[in-house]
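The values are calculated or read from the model by the stated rules, or taken from the named source; none is laboratory data. Every value quoted in this text rests on a predicted model; they were computed, and no experiment measured them. FYI the Cβ positions are ideal-geometry reconstructions off the backbone, even for glycines, and counts take in every protein chain you see. Each accessible area value is taken on the protein alone, full model and side chains, heavy atoms only, with ligands, DNA and RNA left out. Shrake-Rupley method; radii C 1.70, N 1.55, O 1.52, S 1.80 Å.
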Amino acid sequence: MHDPIAKAKATLISAIEAAYNTAVAKGVLPNFGLGEYTVEIPADTSHGDFATNAALCAARTLKLPPQKIAAALLDNLDLGNSGFSKAEMAGPGFLNFFLSNDYYSDVVRAVLSQKERFGHTDFGRAEKVMVEFVSANPTGPMHLGNARGGALGDCLASILDAAGFAVTREFYINDAGNQIERFALSLEVRFLQELGGDVALPEDCYQGEDITLLAREYIASCGDGIKDADSAERKKALVDFALPKNIANLKRDLLKYRIEFDIWFKESTLHNDGTVAKVLDMLKSRGAVYENDGALWYKATAYGGDKDEVLVRSNGIPTYFAADIAYHYNKFAVRGFDRVINVWGADHHGHVARLKGAMDAIGLDGSKLDIVLMQLVRLMRDGEPVRMSKRTGKAITLTDLLDEIPIDAARFYFNLREPKTHCEFDLDLAVKQSSENPVYYVQYAHARICSILKALRADSIDVDGCLDNADFSLLCSPDEQALIKHISALPGEIISAATEYDPAKITRYTIDLATLFHKFYTNCRVKGCELSLCTARAALCIATRQVIRNCLELLKIDAPETM
RNA sequence: GUCUCCGUAGCUCAGCUGGAUAGAGCGUCCGCCUCCUAAGCGGAAGGCCAGCGGUUCGAAUCCGCUCGGGGACGCCA
């Protein structure tokens, strides 16, 4: 039982189709087919556990009132061993179905036996998927956008993995191009300034204090020997020293944020190994480029773009865009990914169509490239937007953020909303250890369960033998069934989060799970009730704890035993 | 100007591949611990789903326009 909800829906659809065929055979309904309809889980449980609008949808083709069709379907419905106990007609012609007790027992049993694998499916058929995210500029520290992108990309990768894809997490290091030139120049100026030189830092250079510190570190460990070398040599020495340090810092900070990449891919390799030149040749041979003002232009407009783009500047240096085409050529053609997902800030949205188009232009399939555009975050404190770090006066960095708020809260918060929504990050709320902060609400449910189980063990109740000994059919109160039904939705929820690239589905699922558990906790006592019921409820507690853990594992958030 | 995201309770947001009475948290008010963690649960109040039109049995959901807000439109990355 990989996905109980999907299985139940499939069962219902075949039962409905069978009922229709029987009704047709009896001459009760015309033989035009039911057409398209849906089976859904109604918001209101009095409308059953599942409901279908089949009769409403078929009303036109069958030229009969919906209620008459629904009645005919109901008359000929055979639920047999379907896991459903009854069906009824309601409203304008809905058919509502009610699950039997077996369904609930099966779900609890499945969780207890599948354990940390519950929720995982083979939906993705081990398709090779790359998730590229963060890819922060290595010339400096990461900012708030990287914090959201990091939490988002990392959880999306985990979710895809759970949904059965073969996932690679990748960080693209932009260690070439203009920004490295600027980095080099900034370092050089700071270096010379440290040695008393009278040079000013140009405005378009990196103004941060980190550059000065790097220059100082260089002098401390390598001396000032390059002072009199020519500028190009001096810059190279400084960059060769500073860039690896910055990259190491990125790794360190991301690790602190619980993100580990499988691959750190350097842009420079694409320039050095001829991939950039190769894709330029491919574009040339396909007639997708032209020359103008001494530069090489890509005919974006011929491939779905809104305006043409420069590939090679008139000074002979390829643009970032040229390198990006080469990079994605590498992802698809060289490394053979079936699908590539990039998590980008919304400020890159203009880049999406032309990169996809460029994939088509070099004979690859741009539709296999998906971009998750993430809107920027507004940091709030005391109801006011925070733009700058108090300490440095510069943009807020990931490290600044994690100094202030717990990692659990940050990761949870950034995955609370769909990537495309503009979101506010409330610093005051994130540090609050109260019910206002949803991450604690979820963790509290987990801690409560641990506490119950501890109390039961202290009473010598065989908590660990629940799977073998418990009579799950005793779990029949509304609170128990609501909890179990929600548990059974996890596999489908993970698949849906994976296909829609929306980790927020999982955080919200987890909050709802905690809510249902807290209700169960309030209304159904575990300790102290009759032994068989106590054992069954303990089993439900263990199953719930497992599901909370599985969800928090996807988000890489701690599941504390006590709070 | 073109493209893009957003607009739902006082606040932050779900719901959006069309379905039954539009949901949650926070805030406000009122209840619930001799009993497994009250970081919890229950209840009340709070809505022109930005506006107008269209599509149809049915629209918060789909389409068009308008208004309001964020972002992008470099031989930057």
Quiz prompt | Over chain A: Rg over Rh, Cα atoms, Kirkwood Rh | solution = 1.07
Practice problem: Using θ = phi - 60° and the Karplus relation 6.51 cos²θ - 1.76 cosθ + 1.60, list the HN-Hα couplings for the range A:3-20 in order, rounded to whole Hz, with x at every Gly or Pro. | Solution: 9, x, 5, 4, 5, 5, 5, 4, 4, 5, 4, 5, 5, 5, 4, 4, 4, 5
Practice problem: Taking every Cα atom in the range A:275-358, find the radius of gyration and the maximum pairwise distance Dmax, and write them in Å. | Solution: 12.7, 38
Self-check item: Helix axis angle, A:349-361 relative to chain A longest principal axis, alpha carbon, degrees
Solution: 90 degrees
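Quick one: with all protein chains in place, what share of the accessible area of the range A:100-233 is carbon or sulfur, to the nearest percent (1.4 Å probe)? All intermediate terms of the calculation are to be shown ahead of the outcome.
Values: 2510 of 5470 Å².
Summing carbon and sulfur atoms, their accessible area is 46 percent of the total for the range A:100-233.
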Quiz item: Taking residue A:284 as the anchor, which lysines have their alpha carbon closer than 17 Å to its alpha carbon, excluding any fewer than eight residues away along the same chain?
Solution: A:299
Quiz item: From the backbone phi of the range A:156-171, what are the Karplus-calculated ³J(HN,Hα) couplings (6.51 cos²θ - 1.76 cosθ + 1.60, θ = phi - 60°) in whole Hz, Gly and Pro given as x?
Solution: 4, 4, 4, 5, 4, 4, 5, 7, x, 8, 8, 9, 10, 9, 10, 10
Quiz prompt | Degrees between helix A:478-487 axis and first principal axis of chain A (Cα, 0 to 90, nearest 10) | solution = 40 degrees
Quiz item: Which one of A:363, A:452, A:314 is farthest out on the positive end of the charge dipole of chain A, using unit charges on Cβ (Lys, Arg +1; Asp, Glu -1) and the Cα centre as origin?
Solution: A:452
Quiz prompt | Within the accessible area of the range A:484-531 (1.4 Å probe), percent carbon and sulfur | solution = 51 percent
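Give the residue list of trypsin sites (Lys or Arg not before Pro) in the range A:230-260 that are DSSP loop and have at most 14 other beta-carbon atoms within 10 angstrom.
none
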Exercise. Compute the relative contact order of the range A:277-353 as a whole-number percentage, counting only Cα pairs closer than 8 Å that sit 6 or more residues apart in sequence.
Key: 19 percent
Quiz prompt | ³J(HN,Hα) computed for each position of the range A:203-212 - Karplus, 6.51 cos²θ - 1.76 cosθ + 1.60, integer Hz, glycine/proline x | solution = 5, 7, 8, 6, 8, x, 5, 4, 5, 4
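Could you tell me which trypsin sites (Lys or Arg not before Pro) in the range A:109-204 are loop residues by DSSP with no more than 15 other beta carbons within 10 angstrom of their beta carbon?
A:125
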Self-check item: Net length gained if the chain between residue A:307 and residue A:63 were fully extended (0.36 nm per residue, minus Cα distance)
Solution: 82.7 nm
Quiz prompt | In degrees, nearest ten, helix A:275-285 long axis to first principal axis of chain A (Cα) | solution = 80 degrees
Quiz item: If you wrap a convex hull around the C-alpha atoms of the range A:423-563 and split its volume per residue, what is the figure in Å³?
Solution: 116 Å³
Quiz item: Do any GluC sites (Glu not before Pro) in the range A:182-268 lie in a loop, going by DSSP, with at most 16 other beta-carbon atoms within 10 Å of their beta carbon, and if so which?
Solution: A:203, A:260
Quiz item: Which whole-number percent gives the relative contact order of chain A, counting Cα pairs below 8 Å spaced six or more residues apart?
Solution: 16 percent
Quiz item: By a straight-distance test (C-alpha under 28 Å), which lysines pair with residue A:519 as possible cross-link partners, with residues fewer than eight away in the same chain excluded?
Solution: A:7, A:9, A:86, A:115, A:432, A:454, A:485, A:505, A:527, A:556
